[in-house]
Amino acid sequence: MLLRLRLSNLLPLLLFVTGLTPARSANRPNVLWITSEDNAAHWLGCYGNKDASTPRLDALAADGLKFTRAYSNAPVCAVARSTILNGAYAVTQGTQHMRSRPKIPASFRPYVSYLREQGYYCTNNAKTDYNFKGKDAAIWDACSGKAHYKDRPEGKPFMAVFNLTLTHESNLFPATVRKNRQNGTIPEKTRLDPAALTLPPHQPDLPEFRSDTAIYHDCLSAMDRRVGELLDELKANGLAEDTIVFYYSDHGGAMARGKRYLQDTGTRVPLIVHFPAKWQHLSPFKPGSEVPELVSFVDFAPTLLSLCGIETPVQMQGRAFLGAHRAPAKPEVFLFGDRFDGTPGMRRAITDGRYKYIRCFTPDLPGAPYSSYALGQPSWKAWQKAWQDGKLEGDFKKIWEPGQPVEQLFDTQSDPWEIKNLADQPEHGERLATLRGRLKALMIETRDTSVIPETLWPELIKDGTIFDFVRAPGFDHRKLVELAFEATTPAQNLSPGMTAALESGSPAERHWAETAKHLQKADP
């Protein structure tokens, strides 16, 4: 025992003399994460948008890796960030409801803590909003609008996050547009002629949509310039050859039926990763490659740790797609949307990168808007007014009304805007059943906590966590998932099991039985 103590006292001296700090001895890369907000992949030039002017990101993609099937597991920021930070699905942690700040188990450690243990200097400039209880900024070495890797102690590797807000949906609010024009962020006159634009088919052709689209392209160009400034700064500091660069958006958006929706417009994100020659061996792909592997935000923390030589912690649900601990790709991505601000709802989806199955567990609610905040955009507001004035038909009208489809199936290869629902077509029946079964299995596997309505959580978990509650001995989580699927499957009469659930001692079981009863009455 005494010998061990003496050796432990000598260790810091040995490290000092030899210069072998934990970080230096591993000779690990720096990592720069650049995150933009609310822009789906389809907005960028390198992802095929002919109207875009994003030269710096296009160049980064040309010399790096462009992931063509990357997804945010949730189509809204705080929920997506909790998934990234802890490497676990928000629906597992209980962080899926927007701005809820629940308590989560201490076993969910942010990736930052593992990096700091290995000697990394970790900075965040400056978005937090992680959607769970705790002091968000405290996990970082520096977290503010001034946080920067240049302030690290000499010899330390860094992991630095820069969050760019220039493409957030609020940049289309009239007051913000005026401000951005006054300060020179975007031009007084849009670069693109609104009248000449081609709008996507899921949006009505209204003047406000044309105007907002043109303005948003200017916002994207401003964001692209800021990305360029960060890359130029890295090079000027002599760090470009030592640093792996990530660029991605926090989810899709920013215009109507984008953010908050499980379609690709809300969940498929740009992801570009650039390796300098020194660290190219950590990538299985050649520079300039388009990578078709399925990746999602739950994979980001394991991947970052893998690049820095750290194995994936057991509680993380994602897989490393780069680095020393790279794991095989998964066959599908799990997507989820729940309460957004004050608007309730529960939607789940699964995609294999081509076919996407979406299931709505609250079909009695309207499909728009999922948040009144979005109505700050003139285009969203104009769409709502056109509906209120009775000027819309077809899907442009239906999205505002109760009675949303329980099941949707899309072929995103032939129908990238997800307009044509294939769920009712007999030739797709087998695929529909397979994806439905896989979604149900994923909800069971991840212990999806939304099968217990959020309104019941305070009463049921008290000072505990919903994560632990659904794992308590005797708790039948699988039964709740089965009830949720049965409740939202059209039926003429309640099954014996559903009838029994009406009298269950479990308030969650009663909820799904009442849902089935309500939907049965609502079904014409």
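The values are calculated or read from the model by the stated rules, or taken from the named source; none is laboratory data. Bear in mind that the values here come from a model prediction, so they are computed numbers and not experimental data. Quick reminder, even Gly has a Cβ in these numbers, built from the backbone with ideal geometry, and neighbours come from all protein chains shown.
Taking the stated definitions as given, is ASP212 closer than 14 Å to ALA256 by Cβ, out of contact with any helix residue (DSSP H, G or I) (no Cβ under 8 Å at 6 or more places or on another chain) and either buried (at least 19 other Cβ atoms within 10 Å of the Cβ) or of a type in the set (D, E, K, R) (or both)? Taking the combined requirement at face value, the residue does not satisfy it.
Answer with yes or no whether ALA74 is of a type in the set (Gly, Ala, Ser), farther than 16 Å from THR213 by Cα, surrounded by 24 or more Cβ atoms within 10 Å (Cβ to Cβ) and modelled with pLDDT of 95 or more. Spelling it out, ALA74 is indeed of a type in the set (Gly, Ala, Ser), farther than 16 Å from THR213 by Cα, surrounded by 24 or more Cβ atoms within 10 Å (Cβ to Cβ) and modelled with pLDDT of 95 or more. Taking LYS278, is it among the basic types (Lys, Arg), surrounded by 20 or more Cβ atoms within 10 Å (Cβ to Cβ) and either in contact with a Gly (Cβ under 9 Å, 6 or more places away or on another chain) or more than 23 Å from SER113 (Cβ to Cβ) (or both)? So LYS278 does not fit the description; no. For GLY437, the criteria (1) at pLDDT 95 or above; (2) under 26 Å from GLY403 (Cα atoms); (3) of a type outside the set (D, E, K, R); (4) in contact with a helix residue (DSSP H, G or I) (Cβ under 7 Å, 6 or more places away or on another chain) hold in every case but one, which is (4).
Total residues in region 466-524 satisfying the condition of being acidic (Asp, Glu) and buried (at least 21 other Cβ atoms within 10 Å of the Cβ): the figure is 1. Figure legend. Inter-residue proximity from region 393-409: first residues touching a residue at least 60 places away in the same chain (Cβ under 8 Å), second residues in a loop (DSSP other than H, G, I, E, B) and of a type in the set (Ser, Thr, Tyr), beta-carbon distance below 6 Å, spacing 6+ or different chains. Indicated pairs: VAL406/THR488. Scanning region 167-178 for any residue that is assigned to a loop (DSSP other than H, G, I, E, B) and touching a Phe, Trp or Tyr at 6+ places or on another chain (Cβ under 8 Å) turns up at least one such residue. Contact annotation: residue pairs with Cβ atoms under 7 Å, 6 or more positions apart or on different chains, pairing a residue in region 312-334 that is touching a residue at least 60 places away in the same chain (Cβ under 8 Å) with a partner that is assigned to a loop (DSSP other than H, G, I, E, B) and among the aromatic types (Phe, Trp, Tyr), are GLN315/PHE108; GLN317/TYR89; PHE334/TYR89.
Pick from LYS440, LYS462: which is over 26 Å from GLU332 (Cβ atoms) and outside the structural domain of LEU262 (by the TED database)? Among LYS440, LYS462, only LYS462 is over 26 Å from GLU332 (Cβ atoms) and outside the structural domain of LEU262 (by the TED database).
Scan region 127-155 for residues that are in contact (Cβ under 8 Å) with a residue 40 or more places away in the chain, surrounded by 16 or more Cβ atoms within 10 Å (Cβ to Cβ) and basic (Lys, Arg) and the total you get is 1.
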